[in-house]
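Okay, so here's the structure we're looking at.
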Amino acid sequence: MTNYVTRRQVLSGGLSLAALTLAGCSTTTSRAPAPVQPQPQVDASFLQNYGPRPQEEFPLPAINPKVLAPEFRRQRVAYRTDEKPGTVVVDTSSFYLYLVEPSGTAMRYGVGLGRQGFEWSGRARIAWKRPWPTWTPPEEMIAREPHLAPYSAENGGMQPGLGNPLGARALYIFQGNVDTLYRLHGTNEPASIGKAVSSGCVRLINQDVIDLYDRVRSGADIVVV
């Protein structure tokens with residue numbers, strides 16, 4: 001609706017300002033209306049992709065659209081590559097993970113990258129996958145953060161759950177028969193997607209890592225650039 005300002009309103013405003021100037025100690029001022037904040041984009045596809053998952057072993061809450069920018073939401077995109085369909089490509093410069101599909105498309109996911117996610121690159125394979133995995137911090141991490149000692153390998157690691165850093169699914173990356181210690185995994189911190197975070201490898205929103213887990217076969221190629 002358009003707002004119209006009358007001559008009387010202009011004059012009234014001018015007189016009020018003059019009176020305020022003369023008074024010098026008035027504590028009452030008129031306030032402009034607060035700007036209207038844009039509402040986060042929510043549509044049927046968002047609700048389908050990021051709604052609650054009550055059927056999971058540990059039920060997942062819905063994702064708040066305010067904390068997941070549209071560009072980092074799961075979507076099918078045009079994608080030209082020489083990699084064969086089924087290959088996972090992690091582009092660390094753009095915080096995207098692509099699952100290559102036939103006919104020049106890919107399913108694209110937004111990711112968050114920890115220190116380990118930036119340190120390793122190359123070609124490998126997804127050796128195996130686990131739903132609701134146990135997390136075992138490396139010994140060097142425990143040395144830096146002794147409070148993690150209860151979750152050491154000797155103690156059986158951290159049991160699955162919403163508080164587990166690997167989230168709802170984990171995909172384990174090997175070169176040959178050697179574990180790279182590189183993981184694609186879930187997270188319960190959706191605000192970290194599209195950002196560099198303090199620890200971890202490549203994290204996806206739990207709803208997205210479940211979708212990726214269901215699409216990717218064990219033994220699939222992965223390329224990290």
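The values are calculated or read from the model by the stated rules, or taken from the named source; none is laboratory data. Computed from a predicted model, the values in this text were never measured in an experiment. Ideal geometry is used to build each Cβ from the backbone, glycine not excepted, and the neighbour counts take in all protein chains shown. Side chains included, ligands, DNA and RNA excluded: accessible areas come from the protein's heavy atoms. Shrake-Rupley method; radii C 1.70, N 1.55, O 1.52, S 1.80 Å.
Which whole-angstrom value gives the distance between the alpha carbon centres of segment 81-128 and segment 167-192? That distance is 12 Å.
A cut-off of 5 Å between modelled amide H atoms, ignoring neighbours fewer than 5 places along the same chain, links Thr180 with Ile173, Phe174, Gln175. Scalar couplings 3J(HN,Hα) for segment 204-220, obtained by applying the Karplus form with A = 6.51, B = -1.76, C = 1.60 to θ = phi - 60°, are 10, 3, 3, 4, 6, 5, 5, 4, 4, 4, 6, 8, 8, 8, 5, x, 5 Hz; x denotes Gly and Pro.
Between the amide H of Thr105 and those of Tyr79, distances stay under 5 Å, these residues lying 5 or more places away or on another chain, with hydrogens modeled in the peptide plane.
Between amide H atoms placed 1.01 Å from N, distances below 5 Å from Thr87 occur with Val100, all of them 5 or more places distant or on a separate chain.
Diagonalise the Cα gyration tensor of segment 94-142 and give the resulting equivalent ellipsoid semi-axes, square root of 5 times each eigenvalue, largest first, whole Å. Don't skip to the answer; put the middle values down first.
Details: eigenvalues 134, 45, 26 Å².
One finds semi-axes of 26, 15, 11 Å for segment 94-142.
Summing Lys, Arg as +1 and Asp, Glu as -1, what charge do residues with Cβ under 9 Å from the Cβ of Asp208 carry, Asp208 excluded? Computed value for this residue: +1.
The phi-based Karplus calculation (6.51 cos²θ - 1.76 cosθ + 1.60; θ = phi - 60°) puts the 3J(HN,Hα) values of segment 102-113 at x, 6, x, 10, 8, 8, 10, 10, x, 9, x, 10 Hz, whole numbers, x for Gly and Pro. For Ser121, the solvent-accessible surface computed with a 1.4 Å probe is close to 80 Å², ligands and nucleic acids excluded.
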